[in-house]
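Data first, discussion second: the structure below is written as structure tokens.
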């Protein structure tokens, strides 16, 4: 089974969420995606995205200021393709 890693360290909202969403949309059912990041809000936003799109969280690990979320891609999920979700997930910088 294919396993890919998306390294989002050093990236801040909304970039990590957009990249994760696009990567999941490009993957086939059953493939595994490991998302690595270091921005605290990114972890929460990605977990919400996975829940909304009904993909499967296989694990969440945290160590030394970074996290790794392991995701199994499900069939085309409800909510995929909705660009408004990214705007709502990221706090305003004003």
First in the range 6-23 and over 11 Å from residue 49 (Cα atoms), second anywhere and part of a helix (DSSP H, G or I) and at pLDDT 95 or above, Cβ under 6 Å, 6 or more apart: 6/23; 8/16
Cβ contacts < 6 Å: first residue more than 21 Å from residue 18 (Cβ to Cβ), restricted to the range 37-65; second residue part of a loop (DSSP other than H, G, I, E, B) and modelled with pLDDT of 95 or more, any location; separation 6+ or different chain. Result? 65/38
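Quick check on this structure: which one of 35, 57 is surrounded by fewer than 14 Cβ atoms within 10 Å (Cβ to Cβ) and touching a helix residue (DSSP H, G or I) at 6+ places or on another chain (Cβ under 8 Å)?
Numbers: 35 fails: surrounded by fewer than 14 Cβ atoms within 10 Å (Cβ to Cβ).
Every option except 57 fails the conditions.
The values are calculated or read from the model by the stated rules, or taken from the named source; none is laboratory data. All figures in this text were calculated on a predicted structure; none of them were measured in a lab. Note that we place each Cβ from the backbone using ideal geometry, even for glycine, and neighbour counts take in every protein chain shown.
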